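The structure under discussion appears below in the form of structure tokens.
The values are calculated or read from the model by the stated rules, or taken from the named source; none is laboratory data. Keep in mind that this is a model prediction, so the values were computed, not measured. Every residue, glycine among them, receives a Cβ derived from its backbone with ideal geometry; neighbour counts consider all protein chains shown.
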Amino acid sequence: MKELMISPGPDELLVCVMAAAANPKDWKASEQLGFTSNPGDDMAGIVEAVGSDVLEFKPGDHVAALHRASHPMEISEKTTFEEAAAVPLAAMIASLALFRHLGFPAPWDVTSETSASGPHLIYGASGAVGAYAVQLAVKAGLYPIIAIAGRSSNYVQSIIDPSKGDKVLDYREGLHAVVFKAKEALGGKVLYHAFDCTL
Ligand SMILES: NC(=O)c1ccc[n+]([C@@H]2O[C@H](COP(=O)([O-])OP(=O)(O)OC[C@H]3O[C@@H](n4cnc5c(N)ncnc54)[C@H](OP(=O)(O)O)[C@@H]3O)[C@@H](O)[C@H]2O)c1
């Protein structure tokens with residue numbers, strides 16, 4: 001049997017995929033846009049070969065990446081491939097929403113000229129994107145967070161910081177209860193920023 005020889009381009013990694021993650025866009029693309037194939041995007045695996053211009057990675061490294069995009073990340077031996085594959089797209093979307101679209105200063109950007117601050121609301125805070133949004137907001141020191149979750153409220157409770165005024169509200173109590181409790185949590189402050197992370 002002939003062996004398939006694949007070489008990475010100068011700035012590419014060839015990765016043996018150990019785990020791949022599915023995202024809502026994968027089924028939305030076929031159901032809503034009529035796509036007939038699914039490229040898959042989020043994956044984690046072991047570097048097989050590196051291109052001639054690649055300096056940061058070497059064969060044998062464990063990495064996670066958004067397939068065919070830049071910025072693969074090295075993962076620690078403690079992180080499973082399944083855990084790592086669940087990170088790239090969801091974390092990127094949460095980050096873009098908070099730090100680009102809503103204009104909050106990113107924790108890693110010391111030259112940031114954005115200055116949005118104050119309370120913000122994250123709807124669907126226990127989902128893949130929402131949970132990254134909460135954790136990034138905590139890292140960036142953005143508070144108070146009003147996090148809306150349901151079945152996984154306990155998880156969200158474990159990643160917020162109640163000492164900064166962060167609160168979890170349960171959407172299953174109904175819209176009126178959520179609005180009432182959100183106003184209560186705001187304590188008279190105006191809510192300028194909200195991120196809807198639901199389906
Ligand atoms: N995942 C990605 O990589 C990605 C990338 C780009 C865009 N998106 C978009 O981001 C959105 C969320 O995707 P996801 O992957 O984060 O979804 P997910 O993991 O399935 O999370 C969905 C969230 O929605 C909450 N929820 C369910 N029913 C609700 C309701 N009636 N009212 C309020 N919240 C409700 C759930 O809360 P409980 O479980 O606590 O009840 C859960 O936290 C989708 O529109 C998706 O297309 C996702």
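Laid out as a table, the results:
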| quantity | calculated |
| --- | --- |
| Qualifying residue in segment 115-122 (condition: surrounded by 19 or more Cβ atoms within 10 Å (Cβ to Cβ), modelled with pLDDT of 95 or more and either over 17 Å from the mean Cα position of the chain (by Cα) or not acidic (D, E) (or both)) | yes |
| Residue among P162, P144 that is over 27 Å from K25 (Cα atoms) and surrounded by fewer than 21 Cβ atoms within 10 Å (Cβ to Cβ) | P162 |
| Unmet requirement for A177, which otherwise passes all of (1) in contact (Cβ under 8 Å) with a residue 24 or more places away in the chain; (2) in a helix (DSSP H, G or I); (3) hydrophobic (A, V, I, L, M, F, W, C); (4) within 13 Å of the ligand (Cβ to nearest atom) | (1) |
| Tabulated pairs, segment 102-113, first farther than 16 Å from V138 by Cβ, second at pLDDT below 80 and surrounded by 14 or more Cβ atoms within 10 Å (Cβ to Cβ), C-beta under 7 angstrom, 6+ apart or interchain | G103/A116 |
| Residue within segment 183-199 that is β-branched (V, I, T), surrounded by 18 or more Cβ atoms within 10 Å (Cβ to Cβ) and touching a residue at least 12 places away in the same chain (Cβ under 8 Å) present | no |
| Qualifying residue in segment 64-72 (condition: on the phi > 0 side of the Ramachandran plot and of a type in the set (K, R)) | yes |
| Residues being within 15 Å of H120 (Cβ to Cβ) and either outside the structural domain of V138 (by TED's automatic domain parsing) or touching a Lys or Arg at 6+ places or on another chain (Cβ under 9 Å) (or both) - total across segment 153-190 | 5 |
| Scan of segment 26-48 for residues that are surrounded by fewer than 16 Cβ atoms within 10 Å (Cβ to Cβ) and either at pLDDT 90 or above or within 19 Å of the chain's Cα centre (by Cα) (or both), ordered by number | W27, K28, G40, I46, E48 |
| Cβ pairs under 8 Å, 6+ apart, first in segment 87-98 and within 17 Å of A22 (Cα to Cα), second among the basic types (K, R) and in a helix (DSSP H, G or I) | L89/K25 |
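Condition check ((1) free of Cβ contacts under 8 Å to residues at least 60 places away in the same chain; (2) more than 7 Å from the ligand (Cβ to nearest atom)) across all residues:
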| residue | (1), (2) |
| --- | --- |
| L121 | no, yes |
| A125 | no, no |
| V129 | no, no |
| A137 | yes, yes |
| A147 | yes, yes |
| S152 | yes, no |
| D170 | yes, yes |
